[in-house]
Structures are given as structure tokens and as C-alpha cells.
Amino acid sequence: MFYSRSKRAQRLMVCLMLLPAFALVLGTFLAGTAISLIQSLDYLPFIGHTQLSLQAYRDILGSTVILHGLVFSLAVALVATIISAMIAMLLAHLLRPYTNQGGWLYFLLQFNIPIPHVVGAVAIGMLFSQSGLLARLAAAAGMIQQPSQFPVLINDQYGAGIIMEYIWKEVPFIAITLLSILKSWVVPYEQQLQLLGAGRWQRWRMVTLPFMLPPLISSCMIVFAYTFGSFEVPYILGSVSQPTLPLLAYEAYLHPDLQRRPEAMAINMVITLISMILIAIYMKWGETHAARRS
Amino acid sequence: MRLTYRRTIITLLLFVIFSIAVSCSAQNEKQSQSDNGASGTTDDALLSGSWEQVLSAARGGTVNWYMWGGSEAINTFVDQKYGSVLKEQYGITLRRVPVSDTAEAVTKVLNEKQAGKHSNGSVDLIWINGENFATLKQGDALFGPFADKLPHSAYVDYSNPVVGRDFGLDTNGYESVWGSAQFQLVYDADRLQESELPRSYAELKDWIKQHPGRFTYNAPPDFIGTRFVKQLFYELTGGYEGWEQPFDQAVFETESSKVWDYLNEIKPYLWRNGDTYPKSIAELNRLFNNNEIDFTFTQEIGGIASDINRGILPETAAPYVFDTGTIGDYHYVAIPYNAANKAAAMVVANLILEPGLQFQKASAASGWGDGLGIDPARLTGDLKKQYDEISEEQGQTAVPADVLLKFKLPDLAAAYTPALEEGWKTHVLFQK
């Protein structure tokens, strides 16, 4: 019955099959967002607040710390995304000739994808901090006198540690997306162009890049949205004097005074809003791209 | 025709799936209701009935104990010592749930209250301090008063204001004592002579300026970091006595500015020029152990032997206190109003006051050096003798109990804690 010939029955079946997953994903997301929204408007009946107000939003928009956190979060996410994309592009091109030599390459590329960000963050910390492995090796090798002379890369003011972790984690993700395009889709077009006498650079500019761009941009958008909203990596590798937006939300949420709850929720709503805008751009762009392709 | 046939089948199948799902969840509910019913004891009965009733209601229960999980020594002690006794003697399963901040457990209880889950809550017991106790009181989400119903509360002196009040808030039996702690500084006898140790915040400032980059403190709102700032607040504003009245914003602002001036003055001489601070005591210990800084802190009255044995601190580390005093306090456990296993939680709260287990907890060899929650003056006979033996054992790894007591300062009313934490952030951390 899953192969009914009727279009309507098929459509109904697909909808029904998607329903459980949808209910879970969309249901929890919508419920969570709705609760955040009403709490951000100071609706907290369990401590007797039932009057809606926009005070929390006024507070966070007037706070230099929070605005600074917003800018810092955006900057870290942007830098991490751009560097990851560039390295991934380079990697994809370098590895392209070897893609037909079996699964080992993909295995190597993918090995870190199931590793959680927290584990990555702790590992980066153990490697690069001033009491970390590299600092000790450098001191032992006589390059620096003490481990504490090692450059400050973890808990630093520029988010270097955070960015390193994101790059480590996201490069393989983007590279794999690119490789799948480079492996199959592009090849016939490139050969065509080569027959017509196009040079290497011309082929890259006229075929390879345009084919690579859509998966590159969409994976970059996913990476950006994730890094912007992520909590655990800046929590472990960031500096207390350079908090990202999710860290500020977490702090306000755990504040012993429940009156601060709306502030945490208002920060969450800002994060959600920015992510939603990204999704909207992505979907709009995805549609036009799909239309162009077909 | 065939199409309608298929649709009927689909609808039927879905109906079956749905009804299974619904009946499953109904079953669960019935199950948990009967769990409650089997114990047959309401909250009021637990508070007014005999201890035997509590014990029989507790049998077979599971206690989800939410506690700060940042210390391996504490985790091991709770799992091994309490867990096995509870299982063997009372038929209770102890499930320790580690949190990085007690506020996470508090938030969980309040979220359940908000969602209307007024019974069968997921938190049975919380290791709590005054700040979070105040939050749960604000949200009216505690079970009690139960503390004086516990047989072992006979060993506790609740009439002592330091025990009966937590951060200036009357406990009123809504939390039960577990242990005590006092802020101490830790130095390395290999690196520093006892004679050159700073003995007050005033001396500390000079020391820091003479040794740039060798000192830092963990950032509030970390508990111990806040305490470091709070003691400074005492010293610069003429002691704790002036701050026992209710919180006054205006007075606080003028007086606390001295604290921010002090901290900003030492900032350029701190580790990494005060650009950043360690987030936790574990991080501070790591810097100390790696010879990046010369001081770390501890809260354990029984000393740091357990941390030394675990390699967290060097063997030559030793604790001491300022002559101007350091803050000491008691820590407690509380039961949420909607806990699923209140009776079992009460049994746990009672067990952890048992003198034998209190001694083991206080010893660095078997426990983690936590201070006693019970009052040694109330011990008699054999217990008294055991206590005296333990007090003599500690040596260099602990500050003698009488010295600690001599320099012990009480904590401030709960409202000062967030005020100091906020002030530190705006006036020190984000002050460029």
C-alpha cells in the first residue's frame, strides 16, 4: 500500500510518515520558542508576574555588555566560517584526484564528524593552553623558557581558541559537501570545456566554481548559524571578559534572582531571530537557485 | 474502490498505533500513581508521623540527588559510602545527578512547577546553598519543615544562628545541614616562605604589585570567587557587623566602590594582566599546579590532603587564613515540594548526619575534608573520642580547627551576593 498509484494517496502517506518526526522537531521547537517569547515579555506567573512588558528588551538593547557580546558572537562565527570554507575548498581540490580510490579518504575526512563539540573543545584546550601539551613540548625543546610564555590561544581576548575548534570541526563537513559535487556533477562539463579548448583557470571559473558555490554557501550558512548560537565551545575555550551571546543568556538564566529570567529569554529571542533571518535568506536563495538549475 | 479499501486500512492502522500509544502513557501514569499509593503516605503524614513510617514509605524508593559535580573526591564519597549503606540498610537507590551549578537543579524544579507538575518531580534532593535556597523560597517550591523530624538532627545545633540562618535567611527546617566550609588560601611551601605570606587584603595588594602576573582569583559568580570579593568588601568597609541590616542599595553603592577601586588597582598586576580570570576553582588549581600563579583557594575545613593525594595540588601545598578573617558557613540539603520520593530523601538527609559518616567525610583519607555539620559538643562517649582523634591527624595539610574558628566570619544576607557579582562584572571585569 506504500506504492499506491494515486498521487493523493501517495502524498497523504508521505505526510503521515513525516508527521512523527515533524511533531517532535517542530513541536518542541515551537513550544520552546513560545515559552521563551512569553517569558521574555515578563510573564512569570510562578513569581506573580502576569503583566506583559518590553522592559527586558529595553534592558538588553541598552546594555553595552550585551551589544558587545552580540558583535563578538557575530565576528567569531563569521571568521570561523570564512576560514573553514577557504580551507575546505583547498582541501576538496587537493583531494579530488584521489576520490576514486576507495572509502578510506572519506573515512579520514569524516572521522571527526560524530565527535561532539565539547570533546573537541576540551582537546583543543589540552593542546593549546599555556599548561597544555604544545606549551610543555615547546618548553622542553627549549623554544621557550616556561610553558607560560607560550602564546595565549585559549581563554584569549580574540576568541582564537573558539575559532580553532570550529575550524577543526567544520572543515571536514564543508569539504565533504564540496567533494560530492566535484566528484560527479562537474566532470562532464569540465571535459566538455576542455574539448573546447578552455584552460585550467577558465574551466575553474566557468564551471567548477559555479557548481561548487551553492553547496558551499548553504553549508557555510549552516556552519554560521550553528557557531553563532552555540554555547559549549565558548564556555570552555572563551574568556570570561569576552562572553558570547549564548553565554550571557545562560548566565542570566541561572541568576538566583528569578526577576532576571525575562532578560535571558530576551537574549534567546535575539539569537533565534538572527538564526531565522539566516534561514529565510537560505530558503529564498535556495529556491531561486533550484529554479535556475532545472 | 481499491483506494477506499487502502484508506480504511491506513486509518485503522493509525488508529491502532494511536490507541497503543495512548494506553501506554495511561499505563505509565497509573503505574506512577500506584507507586505513590503503595507508599500510602502523604506529605503531611511524613512531617507529622513517626520515623518508622518514613522508613517504611522510603523502602524501595530512588533518590535523585542533584549536586555540584566538580569534585572527584566528593563524587566518589557520595557514590561509595552513602550509596551502599542506603541500598543495604534502607533499600533505597541513590542516584547522584551532577550539575555544574546548583542553579540548574533549582531551574529544573521551577520549570516543573511552571508546567504544572506538582507531584512526581524529577528532583528529590538538592545540595544547596543560601543563594539558591532563597530562589526556591521565592518560587515557593520547597518541602518542609522536615529538618527537625530527622532523628540525627539531635546532633545539630540549629539554635546557633550560623547554622539556623543561611546567607541571612532563616532556614526554618526547610533545609537540613550536611557540612561546613571555610575559605582558606593555599600556597606552595616550596615557592614561598611562611613569613612572606600576605595576612590581609591590604598586604595582599602589596604582594601582588611586587609579584606581577603571579596572582589571580576565580571570577564571580563562581561561589569561591564571589567569596574572595565578599571578604574584601568586609575588610574595606569596616567588617561584616555593619552589613547585618537589610540590603540598602544607596549605602551599598558608595561603600562597594572601594572594593572596585582595590580590584582595579591590582588588575594590571594579575595573571594575564586581568584581561581574563579563571572560571572555576578547578581552573585556578590547574594554574597553581602548573606554577603559573602562587595562590589558590580551598573551602575544605579538613584540609587539602585529599586534593594532594589526587595530584590536583602539589605535595608541598599548605592552606592558611588571613588574620582579618575569612568567611565560613554551613551547607545543606533541601527537598523540592514536588519530589517523587520525599520519604527516601528524608532518609538520605538523616543518614548524612550520622556521626560516623560525618567523621569519614571530614577525614582526608576516606572523605574529602569537609567540615562537620553536626556539633562536636553534642557528642558523647566513643563518638567524642573518635572526634578528638580525627582533629589530631591532619598536620600541615589543614589549618587547625581552633585557628579557623578564631578567624571565621559569617556570610552576608542573600541580597548582597548578586549585588556584588553584578558590581564586579560592571566595575571590574568589563572595565577597560
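Of note:
- Peptide packing for A:21-33, B:334-346 was compared via the average number of neighbouring C-beta atoms within 10 Å per residue; ordered from the highest value, the list is B:334-346, A:21-33.
- Farthest toward the positive end of the dipole of the stretch B:350-432, out of B:Ser391, B:Gly423, B:Leu412, is the Cα of B:Gly423, where the dipole comes from beta carbon charges about the Cα centre.
- Coordinate range along principal axes, alpha carbons of the stretch B:176-306, Å, largest first: 44, 41, 29
- Cα gyration tensor shape of the protein assembly as shown, rounded if a/c is under 1.5, else prolate or oblate by comparing a/b with b/c: oblate
- Nearest-20 debye value, the protein assembly as shown charge dipole, Cβ charges on Lys, Arg, Asp, Glu: 5040
- Solvent-accessible area of B:Trp243 with every protein chain in place, 1.4 Å probe, in Å² to the nearest 10: 20
- Exposure ranking of A:Leu91, B:Leu94 by accessible area [1.4 Å probe, largest first]: A:Leu91, B:Leu94
- Cα centroid separation - the stretch A:242-261 against the stretch A:98-117, whole Å: 38
- Given A:Lys169/B:Lys81; A:Lys284/B:Lys279; B:Lys137/B:Lys384; B:Lys81/B:Lys385; B:Lys117/B:Lys425, the pairs whose alpha carbons are separated by over 32 Å: A:Lys169/B:Lys81; A:Lys284/B:Lys279; B:Lys137/B:Lys384; B:Lys117/B:Lys425
- Cα point-scatterer Debye curve for chain A, base-10 log of I(q)/I(0) at q = 0.08 Å⁻¹: -0.52
- Convex hull volume of the C-alpha atoms in the stretch A:147-188, normalised per residue: 90 Å³.
- Heavy atoms of A:Cys15 accessible to a 1.4 Å probe, total area in Å² rounded to 10: 80
- Reachable aspartates and glutamates from B:Lys87, criterion Cα separation under 13 angstrom, eight or more residues apart if same chain: B:Asp79
- Taken about its Cα centre, the stretch B:189-246 carries a charge dipole of about 220 debye when Lys and Arg each add +1 at the Cβ and Asp and Glu each add -1 at the Cβ.
- For the residues of B:102-112, the average number of beta carbons from a partner chain within 10 Å of their own beta carbon is 2.
- Over the stretch B:80-144: Kirkwood hydrodynamic radius from C-alpha pairwise inverse distances, Å: 13.2
- 1.4 Å probe accessible area per residue over the protein assembly as shown, in Å²: 48
- The stretch A:86-213 - percent relative contact order, Cα under 8 Å, separation 6 or more: 28
- Shielding score for B:269-276, defined as the mean number of other chain Cβ atoms within 10 Å: 4
- A straight Cα-to-Cα reach below 20 Å connects B:Lys205 with the aspartates and glutamates B:Asp188, B:Glu194, B:Glu196, B:Glu235, B:Glu255, B:Asp261, B:Glu265, B:Asp275, B:Glu292, B:Asp294, B:Asp323, residues fewer than 8 places away in its own chain not being considered.
- Taking only alpha carbon atoms, chain B gives an Rg to Rh ratio of 1.06, where Rh is the Kirkwood radius.
- C-alpha long axis of helix B:381-393 to longest principal axis of chain B, angle in °: 50
- Extending 7 Å from Cα along the Cβ direction at B:Leu405 and again at B:Glu422 yields two label points whose distance is 3.9 nm.
- A/B buried area, accessible surface, summed, 1.4 Å probe, Å²: 3200
- Restricting the stretch A:105-136 to chymotrypsin sites (Phe, Trp or Tyr not before Pro) in coil, as DSSP defines it, with at most 11 other Cβ within 10 Å: A:Phe111
- Across peptide B:224-230, the average count of Cβ atoms from other chains found within 10 Å of a residue's Cβ is 0.
- Per-residue 3J(HN,Hα) values for the stretch A:187-202, derived from phi via the Karplus relation 6.51 cos²θ - 1.76 cosθ + 1.60 with θ = phi - 60°, read 3, x, 5, 5, 5, 3, 5, 5, 4, 7, x, 6, x, 4, 5, 4 Hz in sequence order (x marks Gly and Pro).
- Net charge dipole size for the stretch A:25-175 [Lys, Arg +1 and Asp, Glu -1 on Cβ; Debye, nearest 20]: 280
- Cross-link reach list, lysines versus B:Lys149, counting only Cα pairs under 17 Å and skipping chain neighbours closer than eight places: B:Lys342
- Relative contact order for chain B: 25 percent, from Cα pairs under 8 Å spaced at least 6 residues apart, divided by residue count.
- Those residues of the stretch A:138-170 for which accessible area with every protein chain present is at least 40 Å² below the isolated value (1.4 Å probe): A:Asn155, A:Gln157
The values are calculated or read from the model by the stated rules, or taken from the named source; none is laboratory data. On a predicted model such as this, the values are computed, not experimentally measured, just so you know. Glycine gets a Cβ as well: all are built from the backbone with ideal geometry, and neighbour counts include every protein chain shown. What goes into the accessible areas is simple: the full protein's heavy atoms, side chains included, and nothing from ligands, DNA or RNA. Shrake-Rupley method; radii C 1.70, N 1.55, O 1.52, S 1.80 Å.
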